[in-house]
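Asks: First the structure, then my questions, so here it is.
The values are calculated or read from the model by the stated rules, or taken from the named source; none is laboratory data. What you see is a predicted model, and the numbers here were worked out from it, not measured in a lab. Neighbour counts are summed over all protein chains in view; Cβ atoms, including those assigned to glycine, are modelled from backbone coordinates with ideal geometry. Note: areas computed on protein heavy atoms with side chains; ligands, DNA, RNA excluded. Shrake-Rupley method; radii C 1.70, N 1.55, O 1.52, S 1.80 Å.
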Amino acid sequence: MEQEEILRQEAIRLRLQGTSIASICEQINRSRQWVYKWLKKYERSSESEWYQSDSNVPRRVAAKTDDAAEQTVTGIRRRLLSQPYAQKGAIAILYEFERLGINPPL
């Protein structure tokens, strides 16, 4: 268990014992907002693992480039990397799309 999870559990344990929010903040060196956030999460949760962090990974990708366009871009980039002294950034890749007569992905 990571240190942050231990602090979350300790804050709730102290609060359930009747310790004031200000005292909890002082003891565990966290802000009032932090304590209230985890207190609210504890009160709302029916799970025994309320103290664990939620994932920050998006549930879906809003705009993903299709596989064919991605392969084209990576192919152009590999070709540019193999050429000494060639520009290798986004503008060089855009020029390569124009040179090949392909519409670049947006």
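Asks: Please give the calculated 222 nm ellipticity per residue for the chain, where each DSSP H segment of at least 4 residues contributes -39500 (n - 2.57) and the sum is spread over every residue; nearest 500 deg cm²/dmol?
Replies: Computed ellipticity for the chain at 222 nm equals -18500 deg cm²/dmol.
Asks: Follow-up. Could you give the length gained on full extension between Asn56 and Ile91, defined as 0.36 nm per residue of separation minus the Cα-Cα distance, in nm?
Replies: That pair, Asn56 and Ile91, stretches by 9.4 nm at full extension.
Asks: Here's something else I'd like to know. At most 16 other C-beta atoms within 10 Å and a DSSP loop state: those are the exposed GluC sites (Glu not before Pro) I care about. Give me the longest piece of the chain that has none.
Replies: In the chain, the maximal stretch lacking such sites is 50-106.
Asks: Using DSSP to define loop residues, name the trypsin sites (Lys or Arg not before Pro) in region 19-82 whose beta-carbon has at most 16 other beta-carbon atoms within 10 Å.
Replies: Arg59, Arg60, Lys64
Asks: Does anyone have the angle between helix 67-82 and the longest principal axis of the chain? Alpha-carbon axes, 0 to 90°, nearest 10?
Replies: Approximately 70 degrees, to the nearest ten.
Asks: Take Arg32 and Glu47, extend 7 Å from each Cα along the Cα→Cβ direction, and tell me the distance between the two endpoints in nm.
Replies: That separation, rounded to one decimal, is 2.9 nm.
Asks: Still on this structure, please answer the following. Counting heavy atoms of the protein chains only and a 1.4 Å probe, report the per residue accessible area for the chain as a whole number of Å².
Replies: Using a 1.4 Å probe on heavy atoms only, each residue of the chain averages 80 Å².
Asks: Based on alpha-carbon centroids, what's the gap between region 23-44 and region 50-99 in Å, whole number please?
Replies: That distance is 41 Å.
Asks: Could you give me the ³J(HN,Hα) list for region 46-54, computed from phi with Karplus coefficients 6.51, -1.76, 1.60 and θ = phi - 60°, whole Hz, x at Gly and Pro?
Replies: After applying 6.51 cos²θ - 1.76 cosθ + 1.60, I find 9, 8, 7, 10, 4, 7, 7, 5, 7 Hz.
Asks: Then there is this: Could you go through region 16-23 in sequence order and give the Karplus-derived ³J(HN,Hα) for each residue, using 6.51 cos²θ - 1.76 cosθ + 1.60 with θ = phi - 60°, rounded to whole Hz, and x for Gly and Pro?
Replies: 5, 7, x, 5, 5, 4, 4, 5
Asks: Taking amide H atoms as placed 1.01 Å from N in the peptide plane, list the residues 5 or more away in sequence, or in a different chain, whose amide H sits under 5 Å from that of Tyr51.
Replies: Here the answer is none, since no amide H 5 or more places off falls under 5 Å of that of Tyr51.
Asks: Hey, any idea what % of the chain's accessible area is carbon plus sulfur with a 1.4 Å probe?
Replies: Roughly 50 percent, rounded to a whole number.
Asks: Once the whole set of protein chains is in place, how much accessible area is left on Leu16, using a 1.4 Å probe, in Å² to the nearest 10?
Replies: Taking all protein chains as shown, Leu16 has close to 120 Å².
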